[in-house]
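The values are calculated or read from the model by the stated rules, or taken from the named source; none is laboratory data. What you see is a predicted model; the values in this text were computed from it and never measured. Reconstructed Cβ throughout: ideal geometry from the backbone, glycine too, with neighbour counts over all protein chains shown. Ligands, DNA and RNA are stripped out before the accessible areas are found, and what is left, the full protein with its side chains, is counted by its heavy atoms. Shrake-Rupley method; radii C 1.70, N 1.55, O 1.52, S 1.80 Å.
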Amino acid sequence: MATQKNWIIKYVAGNPAMFSRVTTDAAGAIKRGEALAGAEKVAANGWRVWVEHVVTGERIFESAVEKAYKQAAVAA
C-alpha cells in the first residue's frame, strides 16, 4: 500500500535578506493537507517557505516571500 506522506516543508528562518540556510521541518514527510497548513503558519512569520514532494521535488506551495526571493535572484 502506498503512503500518503509524500510532502515536506522547507524554510529559511528569519530575515530572508540575511539568512539563506534551508531547513527541512523536523516532522519529515507528511500528508499534503498537513504540509500546506504548516507552511501557511510559517509563512505568517514572513519567512521563505515552500512545500515540495519528497521524490520529485515538485513544489505545490511557495510563500510570497519565497516568490519574491526567486524573482530577485532571476533579475540579478
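Hey, could you check segment 1-40 for residues that are among the basic types (Lys, Arg) and assigned to a loop (DSSP other than H, G, I, E, B) and say which is least open to solvent (accessible area, probe 1.4 Å)?
The qualifying residue least open to solvent (accessible area, probe 1.4 Å) is LYS31.
Mind checking which residues of segment 13-44 are in contact with a helix residue (DSSP H, G or I) (Cβ under 8 Å, 6 or more places away or on another chain) and closer than 17 Å to VAL65 by Cβ?
PRO16, ASP25, ALA43
Show the residue pairs meeting these rules: Cβ distance below 8 Å; 6+ apart or different chains; first residue within segment 55-76 and under 30 Å from THR3 (Cα atoms); second residue among the hydrophobic types (A, V, I, L, M, F, W, C) and assigned to a loop (DSSP other than H, G, I, E, B).
Every condition considered, the pairs that remain are SER63/TRP47.
Applying the selection to segment 60-74, what residues are open to solvent by 90 Å² or more (accessible area, probe 1.4 Å) and modelled with pLDDT of 95 or more?
LYS67
Mind checking which residues of segment 38-69 are charged (D, E, K, R) and over 18 Å from ILE8 (Cβ atoms)?
LYS67
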